1. Out of everything in segment A:132-158 that is within 14 Å of chain B (Cβ to nearest Cβ) and surrounded by 15 or more Cβ atoms within 10 Å (Cβ to Cβ), what residue ends up being farthest from residue A:114 (Cα to Cα)?
2. Within segment A:63-118, which strands (runs of 3 or more DSSP E) (wholly inside it) include 2 or more residues that are surrounded by fewer than 19 Cβ atoms within 10 Å (Cβ to Cβ) and free of Cβ contacts under 8 Å to residues at least 24 places away in the same chain?
3. Output the number of residues of segment A:18-56 satisfying the condition of being under 15 Å from the mean Cα position of the chain (by Cα), free of Cβ contacts under 8 Å to residues at least 40 places away in the same chain and over 24 Å from residue A:95 (Cβ atoms).
4. Which one of these is under 21 Å from residue B:80 (Cβ atoms) and in contact with a strand residue (DSSP E or B) (Cβ under 8 Å, 6 or more places away or on another chain): B:179, B:165?
5. Which residue is nearest to the chain's Cα centre (by Cα), if the candidates are limited to segment B:377-397 and must be surrounded by fewer than 13 Cβ atoms within 10 Å (Cβ to Cβ) and more than 19 Å from residue B:312 (Cβ to Cβ)?
6. Can you tell me how many residues within segment B:36-54 are free of Cβ contacts under 8 Å to residues at least 60 places away in the same chain and closer than 13 Å to residue B:81 by Cβ?
7. Which of the numbered conditions does residue A:274 fail, given that it passes all the others? Conditions: (1) surrounded by fewer than 18 Cβ atoms within 10 Å (Cβ to Cβ); (2) without any contact (Cβ under 8 Å) to a residue 40 or more places away in the chain.
8. Would it be correct to say that residue A:232 is under 29 Å from residue A:177 (Cβ atoms) and buried (at least 17 other Cβ atoms within 10 Å of the Cβ)?
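The values are calculated or read from the model by the stated rules, or taken from the named source; none is laboratory data. Note that this is a predicted model, so its numbers are computed, not measured. All Cβ positions, even for glycine, are placed from backbone atoms using ideal geometry, and neighbour counts span all protein chains on display.
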């Protein structure tokens, strides 16, 4: 690129790992076309004033039925001002107010991208979606799993969630590092399973509904973040699910093991240099030029989703 | 169709019978219907505790343990609480109901003759009771006995008895106790055992129902994680004293019932506030915030969150468990029981001054928030174990010294933002409310007070 400074580094205020996650999700959603053309899906998100997910999904997937839920009623003007496209509908209310009141006949992608820690409200929202969304729908949940925040909040969380979910014996040492995210995974997985069991007990669907976990991300731009997501599908549509081929995705994680989105610090030149040898370059083959091998490996895992520098705010 | 012309011969005096046999399937389904899975498992724990009681009349249960395993493949409850005496196993333990002559355990929890069978049928279709206990006499010869029942087969059989499949002498290393195993679990049970939330709930139930017994030394665990029972405590200081009431009820020709109730103040926790009721050391109700205890009856208001500091503990003890006011599921109280009705009068008397105190506290906090003097009284008090509070006394606490707020009127008006900003700057305040207060004070001090 002519004119760009050669040692310019990525601006971490722009959350590169989050950017990578968003693109990985977009790539996953492409695979849904076996159920129905993705552009015909509905997208529900919590865009705040940036709407980055809405912009990406509209542009790359063509989705037009889009709903943004924004809880801070004081920001209504600002959110409206930043609305990126005419097709984005803004609901100024809480998820608890909006999700149950939506119709759920249409295949939907719902990304509950909360900034906060796990709460009873989160589980309630998950239950609302899992118990109603039709086969071929996707649900993703993102939560803040930062140890300091969890430590400070743990008593309130216990009061909110109850000792059945967060027993007294769980203390700060159980939330260090990525253990808090591990908790989230166990609690949410069980919650989803229970919601499905209840849904299926009622026999209101033509065939039993299942959930397949597709992604399980850990990443940290500033705080440690956790995302769990997957596909809701009817047993009768298992062949469609198979045809989607989700397991071919490099970052596909169906269980307790998470995919760590770890964005290495590289210069522009280094990125161009590594790109020329990917996807098949091995560390011995590539002339490393002082780049640590670990950084090469980290880059190789997600180079296709690496934030581009033209896309400063996508 | 017979004509009415002539009555058929041999009708007068004819006798016949309408069948009234119970079917096992019906019986089992009625038995298990009204009890929740956690309550059924706690019934089994109750039996273990009764065993410990037979071993230790002094209520010191150190060294006794109960271990519950709740997995989708099998359920197991094992204890070292003395074992089931063989004569009891043969003649009484597996009957439905209590035949005449059933020996009673003093101060027992089990008394309806149904807990164990109900739990076993609730759990699954195959069970095995293995026990090492005395043949007859508590200090006599020990026997190892096994009852193993494939319930599906039992359902089809005519008899109601269960086979004792093995009787032998125990090895020297085998400890006295009982292990009950259930396999071929019902679908709903398999599902629940697979949920960590359910297991935590079970732990919580065992902890609350058996708080006292755990404190007296019985080690309890579920899936190898111990069940902890924190002490029940009330705040006490030179200014603040919990209320204690004790009664002995001597009904003619019956064993006496001893009643003790303690009420006072503990950390503010809505989920834990209210009355707890125990029968022979086993919690049957709590934390109760309804009219089943005192709330909304007579002079006591309905429960509100300002009463989140309130704790009341009521204990009923008797050598004859049948005298106590519990229900067959051991959840909730039998409000019709004269024992309970009399006791409830005491519970209400104890509650009233605590509620007065908490109402005053609420007023003070509304006026002064964290600086409320009564809040300071609570903060300076120390927690005291309810077990240690035995001397009859009324609840006492300081009265609020803050006067009632004088009647107030509200002033609301609009001013141009420009002028408002200027005044704020001069007064060095940020809020409109402060501007209102200070300008009013200014006028009052300079024009009215003189």
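1. By that ranking, first place goes to A:158.
2. Filter on segment A:63-118 gives A:88-92.
3. Total satisfying the criteria: 1.
4. Numbers: B:165 fails: under 21 Å from residue B:80 (Cβ atoms).
The match here is B:179.
5. B:382
6. 1
7. Looking at each condition in turn, residue A:274 falls short on (1).
8. Details: under 29 Å from residue A:177 (Cβ atoms): no; buried (at least 17 other Cβ atoms within 10 Å of the Cβ): yes.
Criteria not met by residue A:232.
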